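The values are calculated or read from the model by the stated rules, or taken from the named source; none is laboratory data. Given the structure is predicted, the values throughout are model-derived calculations rather than measurements. A quick note on method: Cβ atoms are made from the backbone with ideal geometry, for glycine too, and the neighbour counts reach across all protein chains shown.
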Amino acid sequence: MTTPRPSGRRFPDDFLWGSATASYQIEGAVHEGGRAPSIWDTFSRTPGKVQDGDTGDVAVDHFHRVPQDVAMMADLGLQAYRFSISWSRVQPDGSGAFLQAGLDFYSDLVDRLIAARIKPVATLYHWDLPQALEDEGGWANRRTAILFGEYARKMAEVLGDRIHLWTTLNEPWCSAYLGYASGVHAPGRTDDVSALRAVHHLNLAHGLAGRAVKDVLGQDTPVSVTLNLHVTRAATDAPEDLEAKRQIDTIGNEVFLRPMLDGEYPKEVFADTEHLTDWSFVQDEDLDIIQVPLAVLGINYYSTGRVRWGTPEVGDGGPGPDGHRSSASSPWVGATNVEFLPQPGPHTAMGWNIEPEGLVNLLVEVHERYPALPLAITENGAAFDDEVTPDGRVHDVDRVAYLHDHIDAVGEAIKRGVDVRGYFVWSLMDNFEWSYGYSKRFGVVRVDYDTLERTVKDSGLWYSDLIATNAIPAPAPHL
Ligand code: IFM
């Protein structure tokens, strides 16, 4: 249980308030302008992979509604918008020719954001790999990382200094382990060795892309990456439970943090996975490339996990964030004796426990390890089963309470000395929630999936008040 936190906390004057989305989750228009399929087009068309057979074919039709969506962001008072670029829309096969229509789409979006005084924060990869690259091995293939660097270079040339902050990857943990180990995300593979190869090639892709952007636009160009760092607690202080937590920390967090920020892999990951691979896919120069200087580290936070030493149940992906639908295989490669325990409530509609204090703990811990590195919350939010009242409104008190308490947690971390620069609510509007299809709503704006009409929820109005005052409003409903 968590106790409600007080309202009224103020934020630094230059703190950046934004919202986030991702290309496949909102754009639709999957056949337009020469766009070729991504792995999510293929996966969502595969029977049984996505709830109710939903696909991103239409999504929330953002591709055709950019002017109105940007106007809506401006009405909300957003100061920044974090979106992702669909690689297949700008370079259908992931190599070779670029599509002018796709490049123009993102260029126009960025111009409109700037005209509305909203800072564009661009993510180069949010899970929608061109299918043509998956056909050649996907992230398990080193060439994908090389091509990603070339694609990043092109985007830097096209979008240039109009981008406020470049983000290379969103949540590589999900791309590698949900995509290649548990198979609950595209491309749906269940091969632990491929997952570990994907981890390294995603790290390498991050370094190559960050360096390409800086080569084109100058070494001071702000580059970041977004990680879904897992807050995992041991069930007891018994050495074996602490070892279970250590294994999850290693395969979940350290395998990204350490190469990106320290230029090395944790030696524990080699020991934990020695029965699978000798990691000879890591080449001599890779770690220098991966440790590209970051202007900020993006952190996505939703909930926490609890583990003990034991036998995982088949399909135990852990109840926590991005555990996403059960599978016969675990995403926790190498952590073969770790059991995830149910977390006490309250829970969101995803079944994720609500624990704002976990966000304070995470921010303080990362800051203590990397005191010179500014941080930003690049995603935080909650799915609930929203109801539309007869007046057409959504009084989403649970979501307001969730945002209220988590934003206060960010303020608490700042008070304790953590350098947090911004907060991006997930998500601007309801959208395609991956293997859950359209059944889970995270938006602060409701989308009617029949008419595609957008309606600002109470949480959106509340967030707008927060931005206007730069202080946390009381969580009262907007009646
Ligand atoms: O919808 C996702 C998003 O794409 C990545 N982070 C978690 C969100 C909620 O599951």
Problem set entry | segment 1-44, subset within 18 Å of the chain's Cα centre (by Cα), of a type in the set (Gly, Ala, Ser) and outside any helix (DSSP H, G or I), residue surrounded by the fewest Cβ atoms within 10 Å (Cβ to Cβ) | 18
Exercise. When only residues in segment 366-384 that are within 16 Å of the ligand (Cβ to nearest atom) and assigned to a loop (DSSP other than H, G, I, E, B) count, which is nearest to residue 256 (Cα to Cα)?
Worked result: 381
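Answer yes or no as to whether residue 159 is touching a strand residue (DSSP E or B) at 6+ places or on another chain (Cβ under 7 Å), in a loop (DSSP other than H, G, I, E, B) and either more than 16 Å from the ligand (Cβ to nearest atom) or within 28 Å of residue 50 (Cβ to Cβ) (or both). Let's see the steps before the verdict.
Details: touching a strand residue (DSSP E or B) at 6+ places or on another chain (Cβ under 7 Å): yes; in a loop (DSSP other than H, G, I, E, B): no; either more than 16 Å from the ligand (Cβ to nearest atom) or within 28 Å of residue 50 (Cβ to Cβ) (or both): yes.
It is false that residue 159 is touching a strand residue (DSSP E or B) at 6+ places or on another chain (Cβ under 7 Å), in a loop (DSSP other than H, G, I, E, B) and either more than 16 Å from the ligand (Cβ to nearest atom) or within 28 Å of residue 50 (Cβ to Cβ) (or both).
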For this session: Determine whether residue 39 is at pLDDT 95 or above, within 16 Å of the ligand (Cβ to nearest atom) and among the β-branched types (Val, Ile, Thr).
Result: yes
Problem set entry | Unmet criterion (only one of (1) surrounded by fewer than 16 Cβ atoms within 10 Å (Cβ to Cβ); (2) without any contact (Cβ under 8 Å) to a residue 24 or more places away in the chain) for residue 443 | (1)
For this session: Considering only residues that are among the hydrophobic types (A, V, I, L, M, F, W, C), over 16 Å from residue 86 (Cβ atoms) and under 14 Å from the mean Cα position of the chain (by Cα), look in segment 167-181 and name the one that is surrounded by the most Cβ atoms within 10 Å (Cβ to Cβ).
Result: 176
Exercise. At pLDDT 95 or above and more than 16 Å from the ligand (Cβ to nearest atom), is that true of residue 409?
Worked result: yes
For this session: Just name the residue that is surrounded by the fewest Cβ atoms within 10 Å (Cβ to Cβ) out of those in segment 186-224 that are polar (S, T, N, Q) and either free of Cβ contacts under 8 Å to residues at least 60 places away in the same chain or more than 22 Å from residue 278 (Cβ to Cβ) (or both).
Result: 219
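Does segment 92-108 hold any residues that are out of contact with any strand residue (DSSP E or B) (no Cβ under 7 Å at 6 or more places or on another chain) and of a type outside the set (D, E, K, R), and which are they? Walk me through how you get there before you give the answer.
Taking segment 92-108 first, the residues out of contact with any strand residue (DSSP E or B) (no Cβ under 7 Å at 6 or more places or on another chain) are 95-108.
Result: 95, 96, 97, 98, 99, 100, 101, 102, 103, 105, 106, 107.
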Problem set entry | Criterion (of a type outside the set (A, V, I, L, M), more than 30 Å from residue 183 (Cβ to Cβ) and touching a Gly at 6+ places or on another chain (Cβ under 7 Å)) met by exactly one of 455, 451, 469, 389 | 455
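Among the residues of segment 45-60, which ones are at positive phi, surrounded by fewer than 23 Cβ atoms within 10 Å (Cβ to Cβ) and either within 16 Å of the ligand (Cβ to nearest atom) or not in a loop (DSSP other than H, G, I, E, B) (or both)? It would help to see each step written out before you state the result.
Of segment 45-60, the ones at positive phi are 48, 52-53, 59.
Of the ones still in play, those that are also surrounded by fewer than 23 Cβ atoms within 10 Å (Cβ to Cβ) are 48, 52-53.
Within segment 45-60, 52, 53 qualify.
Within segment 122-136, does at least one residue satisfy the condition of being β-branched (Val, Ile, Thr) and more than 16 Å from the ligand (Cβ to nearest atom)? Quick ask: steps written out before the conclusion?
Applying the first criterion (β-branched (Val, Ile, Thr)) to segment 122-136 yields 123.
Checking the rest, the ones that are also more than 16 Å from the ligand (Cβ to nearest atom) come to none.
Among the residues of segment 122-136, not one is β-branched (Val, Ile, Thr) and more than 16 Å from the ligand (Cβ to nearest atom), which makes the answer no.
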